[in-house]
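The values are calculated or read from the model by the stated rules, or taken from the named source; none is laboratory data. Source: prediction; values computed, not measured. Neighbour counts run over all protein chains shown; Cβ positions are idealised from the backbone, glycine included. Surface accessibility is based on the protein's heavy atoms, side chains included, excluding ligands, DNA and RNA. Shrake-Rupley method; radii C 1.70, N 1.55, O 1.52, S 1.80 Å.
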Amino acid sequence: MKTKLSLSQKAGLLSLGLLAVILLVWQLATLPEAKVVAADVDPEYAALMGGGAARAASSFPTPAAMAQTLWDKLSHPFYDNGPNDKGIGIQLAYSLARVLGGFFLAAVVAIPLGFAIGNSRMVYQAINPYVQLLKPISPLAWMPLALYTIKDASASAIFVIFICSLWPMLINTAHGVANVRKDWLDVSRTLEVNPLRKAFRVILPAAAPTILTGMRISMGIAWLVIVAAEMLVGGTGIGYFVWNEWNNLSLTNVLFAILMIGVVGMALDSVFGVLGKRVAYQE
Amino acid sequence: MSAIHPFLQVENLARAYPSPTGGDAITVFDHVNFRIHKGEFVCVTGHSGCGKSTILNILAGLDSATTGNVFMDGREVAGPSLDRGVIFQGHALMPWLTVQENVEFAVKSRWPSRNKQKIRAHAMRYIELVGLKGAEHKKPSQLSGGMKQRVGIARAFSIEPKMLLMDEPFGALDALTRGVIQDELLKICAETQQTVFMITHDVDEAILLSDRIMLMSNGPHARIAEIVNNTLPRPRERSAIHKQVHYYPIRNHLVDFLVSRSKQFGSLRDAPDAPSSPTVFDPADLIESDVEPVVAHTPPVGKPHIHLVNA
Ligand SMILES: Nc1ncnc2c1ncn2[C@@H]1O[C@H](COP(=O)(O)OP(=O)(O)O)[C@@H](O)[C@H]1O
Ligand SMILES: [Mg+2]
């Protein structure tokens, strides 16, 4: 070993090593118990036949079975065989649409409102008690109210996403706007910049990194919440898929869905990571 | 017009802040009176906390006086205006914009209806004027302190204000850079006949740049205690200016003020006849009485007793 590895090469190797360890432990943990169940028997079938706690270990998919499922599901992500059998792509698309819808609505409300709050101590003090009261409420607690008033299940899920995305964006926008450096505001005052131009050319870019951090947090929470919301409202979406597969006792599919939730969440987060870098500035 | 009505007139300015302990308000300065003529370069110096920045901010329209008025060009100053450019101590560039965009932002504010090419060309002219051609696409974070301050100068000059206000613009720069930028400022001011009000802690800077130097006594109740007419001939050279006969008398007078007289004046402030208009010194007075207290004479108000370049 004469060649020196760079830090990221070392980290990559360690990551791969960890993956190998995880797969090994997984493989060992799912080794068929005794010789009662043959290795090539479908775990679902085994679960149905044997059932009960004694077989719990073997109904958990092996890494190989998981890989097979992954391959099968990802090669046909968009098939649609009726309400209880849709491709993973379709389910994720439903969830993403709800998340983006609720998130977008929240941004439309939170960013202008955050501007107003951040610009004026008076408005801040007037609105702060409400924010403090509403912020700690679990978004799912709104679900019954939403179902009662909106009646539509899908729209209720969007509403729940809206509520949970609202607070981080609102608070961060207000904070970012309130903390724009006085120097920059003084410059725009001496240049007699009109309020609209000041908002878009000075305050917005100055506060953008803080606002984007708020959006990133909101998106993270929204993606957490959508799974639970869809478990409640049912019908479509990745949350419903997880619940449905649990009812089917297909742990393989549940695991697969968990993995997909993680991948999509990571992708969403990295989008905001990239956007955050775009608006970042160095003083 | 400028001979009869001074370009900038400050009358009886005072500023008080509520006392932090809840007692009487603290008057930082009061009875501040002075005039600045068109094309004149006036420096203000005094100890920290005497209210120089507050006065500058009031002139800029960013702050307001407790009592008193400021008139520019016959109109009362009541808020910030494009007529008065400000160069901030902390350069105050917008870090998300490039050098060029920072200057363009100001130019566009000044002439909103101009087209893009015209704005760009105008901005570039001032960027070149401060010697930053080639760095126009850099972000402020990629510039040295001196270069950032140059962008601030370009931005302030680019809007062609009637008056320029500078709050210790070079205070944060190293001596070498400061010298270079002072030279550039001297050149630009000579070219543009810019009227300038500048705060500085640097006695040599004041002598190099100004036509008049206003000396503020210590606060509270700070005042403009003395005004020194800086009659050193122009164009001035930093390397040769100390050879002028009047250089050391002026310099000694300023240093003496900062070291001792700025405090003594404070003890006079409660006297009923405490001067509310400053004593004016000409270098000639200072030469005759180098050591002993100088004989002050108060010239008739309004008569310009400074020698302006091209005035
Ligand atoms: N917002 C404020 N509240 C109370 N006192 C203030 C405030 N701003 C400035 N001061 C006081 O006013 C005085 C003058 O400040 P400043 O104009 O910055 O002085 P200088 O620029 O001459 O150093 C200082 O003594 C400072 O304590
Ligand atoms: Mg100051």
Self-check item: Heavy-atom accessible surface of region B:22-78: percent carbon and sulfur, 1.4 Å
Solution: 46
Quiz item: Which of A:Ala110, A:Ala157, A:Ala64 moves most in a GNM of chain A, Cα contacts under 10 Å?
Solution: A:Ala64
Quiz item: With contacts defined as alpha carbon pairs under 8 Å and 6 or more residues apart, what's the relative contact order of region B:89-160 in percent?
Solution: 48
Quiz prompt | Unsatisfied cross-links (Cα-Cα over 22 Å) in the set A:Lys198/B:Lys116; A:Lys182/B:Lys118; B:Lys116/B:Lys187 | solution = A:Lys182/B:Lys118; B:Lys116/B:Lys187
Self-check item: Sequence of A:Trp167, A:Trp246 when ordered by accessible area, the most exposed leading, probe 1.4 angstrom
Solution: A:Trp246, A:Trp167
Self-check item: Relative intensity, log₁₀ I(q)/I(0), of region A:106-182 from a Debye sum that treats every alpha carbon as a point, q = 0.19, 0.27 Å⁻¹
Solution: -0.79, -1.17
Practice problem: Bin all alpha-carbon pair distances of region A:65-212 at 10 Å intervals from 0 and give each bin's fraction as a whole percent. | Solution: 11, 27, 25, 19, 12, 6, 1
Quiz item: In terms of modelled amide H atoms, which long-range or inter-chain residues lie less than 5 Å from the amide H of A:Thr62?
Solution: none
Quiz prompt | Accessible surface, per residue, of chain B when the full set of protein chains is kept, probe 1.4 Å, Å² | solution = 44
Practice problem: Taking all protein chains together and a probe of 1.4 Å, list B:His137, A:His175, B:His47 from the most accessible to the least accessible. | Solution: B:His137, A:His175, B:His47
Practice problem: Quickly estimate the mean residue ellipticity at 222 nm for the protein assembly as shown, helices only: each DSSP H run with n ≥ 4 gives -39500 (n - 2.57), and the total goes over all residues, rounded to 500. | Solution: -16500 deg cm²/dmol
Quiz item: Can you tell which of B:Lys162, B:Lys138, B:Lys243 shows the greatest fluctuation in a Gaussian network model of chain B with Cα springs below 10 Å?
Solution: B:Lys243
Self-check item: Global size of region B:89-160 as Cα Rg and Dmax, reported in angstrom
Solution: 10.9, 33
Quiz item: Per-residue HN-Hα couplings for region B:148-154, Karplus 6.51 cos²θ - 1.76 cosθ + 1.60 at θ = phi - 60°, whole Hz, x for Gly and Pro?
Solution: 4, 5, 4, 4, x, 5, 4
Practice problem: Please grab the % of Cα pairs in chain A that end up more than 32 Å from each other. | Solution: 45
Quiz item: What ³J(HN,Hα) values, in whole Hz, does the Karplus curve 6.51 cos²θ - 1.76 cosθ + 1.60 give for region A:169-174 when θ = phi - 60°, with x put for Gly and Pro?
Solution: 5, 5, 5, 5, 4, 4
Exercise. Return the long-range amide H neighbours of B:Val86 (sequence gap of 5 or more, or a different chain), with a cut-off of under 5 Å between placed amide H atoms.
Key: B:Leu165
Quiz item: Which order, highest average first, do A:188-195, B:215-222 follow once you tally other Cβ atoms within 10 Å for each residue and take the mean per peptide?
Solution: B:215-222, A:188-195
Quiz item: Under a GNM of chain A (C-alpha, springs under 10 Å), which listed residue has the highest mean-square fluctuation: A:Ser250, A:Ser75, A:Ser270?
Solution: A:Ser75
Quiz item: Non-local amide H neighbours of B:Val280 (under 5 Å, H modeled in plane, Pro and chain starts lacking H): which ones?
Solution: B:Ile227, B:His297
Practice problem: Report, ordered by chain and residue number, the lysines lying within cross-link reach of A:Lys73, taken as a straight Cα distance under 22 Å and ignoring same-chain residues fewer than 8 apart. | Solution: A:Lys86
Quiz item: What accessible area, in Å² to the nearest ten, does a 1.4 Å probe give for B:Tyr17?
Solution: 90
Quiz item: When Cβ neighbours within 10 Å are restricted to other protein chains, what is their mean count per residue of peptide B:92-104?
Solution: 4
Practice problem: Determine the share of region A:88-276's accessible area contributed by carbon and sulfur atoms, expressed in whole percent, with a 1.4 angstrom probe. | Solution: 73
Practice problem: With the Cα gyration tensor of region B:40-123 in hand, give its eigenvalues times 5 under a square root as the equivalent ellipsoid semi-axes, listed largest first in whole angstrom. | Solution: 29, 17, 11
Practice problem: Would you mind giving the average projected area, over all directions, of the Cα convex hull of the protein assembly as shown in nm² with one decimal? | Solution: 42.2
Quiz prompt | Beta bridges by DSSP in the protein assembly as shown, antiparallel share as percent, to the nearest 5 | solution = 50
Exercise. Using a 1.4 angstrom probe, figure out how much accessible area region A:88-276 has per residue, in square angstrom, rounded to the nearest whole.
Key: 46
Exercise. Calculate the all-directions average of the projected area of chain B's alpha-carbon convex hull, and give it in nm².
Key: 17.5
